[in-house]
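Derivation of every value follows stated rules applied to the coordinates shown; laboratory data play no part. None of the values given here were measured: they were computed from a predicted structure. FYI the Cβ positions are ideal-geometry reconstructions off the backbone, even for glycines, and counts take in every protein chain you see.
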Amino acid sequence: MDFPGWKGLSLEDVGLLFFLFDIEAGAAEFPLHASEDEWLAYVIEGGGELYSGFGDTKKTGSVRFAEGDFITFHSNTSHAWKNGQQRTRILFARKA
């Protein structure tokens with residue numbers, strides 16, 4: 001990963017791709033981006049701020065996320081992440 005404080009681990013099996021983000025306290029913000037895939041995320045630990053965006057340059061809103069939250073992303077949904085002051089782990093899943 002090219003973002004200080006962010007580590008990732010992936011596993012693909014049974015037609016699904018799982019991706020685990022392990023984010024250090026106070027890690028760099030993960031910038032606006034989008035994926036052609038639909039994703040489901042579960043916040044295992046920690047929390048922070050999830051931003052919505054327009055394209056990859058303009059943030060348009062935000063919502064706090066915390067341990068136990070489920071988050072869904074439609075394809076091509078611009079978003080960015082900012083971790084809080086604690087370790088955060090988020091598990092993502094999509095069709096492989």
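What the Kirkwood sum gives for the chain is a hydrodynamic radius of 13.5 Å, with every pair of different alpha carbons counted.
A crude spin-label estimate for the pair SER35 and ASP13, with each label 7 Å from Cα along the Cβ direction, gives 1.9 nm. The mean sequence distance of close C-alpha pairs (under 8 Å, at least 6 residues apart), as a share of the length of the chain, puts its relative contact order at 39 percent. Of GLU36, GLU24, GLU49, the residue with the greatest mean-square motion in the GNM of the chain, using alpha carbon springs below 10 Å, is GLU36. About its Cα centre, the chain has a charge dipole of approximately 240 debye under the convention of +1 per Lys or Arg Cβ and -1 per Asp or Glu Cβ, with nothing else charged. Of all lysines in the structure, the ones whose alpha carbon falls short of 21 Å from that of LYS7, not counting any fewer than 8 places away in one chain, are LYS82.
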